[in-house]
Structure formats: structure tokens, C-alpha cells
1. Based on alpha-carbon centroids, what's the gap between segment 1-50 and segment 51-78 in Å, whole number please?
2. Which of the lysines could a cross-linker span from Lys75 if the Cα-Cα distance has to be under 22 Å and same-chain partners fewer than 8 positions apart are dropped?
3. Hey, with R₀ at 35 Å, roughly what FRET efficiency would Asp29 and Lys71 work out to, going by the Cβ-Cβ distance, to 0.05?
4. At 222 nm, what value in deg cm²/dmol follows for the chain if DSSP H runs of at least 4 each add -39500 (n - 2.57) and the sum is divided by all its residues, to the nearest 500?
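Where a number appears in this text, it was derived from the coordinates with a stated rule and is not lab data. Fair warning: this is a prediction, and the values are worked out from it, not measured in the lab. With ideal geometry, Cβ positions are generated from the backbone for all residues, glycine too; neighbour counts draw on all protein chains shown.
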Amino acid sequence: MRILIKSLSLFVLGIYIEICKKRFDSQMDKCIKNGGDISSPSLTKRSNHCYDLYVEFREREKMLRREISVKSLVKKNI
């Protein structure tokens with residue numbers, strides 16, 4: 001049950017990351033279209049936020065994979 005909840009939270013985090021990425025891409029396209037500075041603080045902040053979320057997602061995914069593999073090994077040995 002715990003693995004299921006972690007999987008669902010990972011799925012929701014993945015969806016949130018995709019939304020953040022699309023918002024960043026949209027803001028970047030708008031900035032380029034208007035001839036703005038792409039190194040503006042708001043774009044940098046949004047880019048860093050997306051990257052941090054992605055790193056957190058990868059770490060959670062690794063931990064979940066380890067937990068699943070350990071549980072499957074324990075079940076095989078019983």
C-alpha cells in the first residue's frame with residue numbers, strides 16, 4: 001500500500017513538472033517573440049524551479065525503484 005501511495009505521488013509530481021515546464025517554455029517563447037532578455041530574473045527563477053523539481057523527481061523515482069526491488073527480493077527469499 002505504501003508503494004502505491006508513493007507511486008501516485010510520484011505520478012502527480014511528474015504532471016506538475018510537465019505543467020511547470022510548459023509554463024516556462026511559454027514564457028520563454030513570449031520573451032523571445034517580444035525581443036526581451038532571456039536571462040531575466042523571472043525566467044532564471046522559473047528555470048531553476050523546474051530543474052529543482054526534476055532533480056527531486058529523479059531522486060524519488062530512484063528511491064521507489066530501490067524499495068520495489070528490495071521488496072521483490074525479500075518475497076522471493078521467503
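1. 24
2. Result set, ordered by chain and number: Lys6, Lys62.
3. 0.20
4. The helix contribution divided over the chain gives -32500 deg cm²/dmol.
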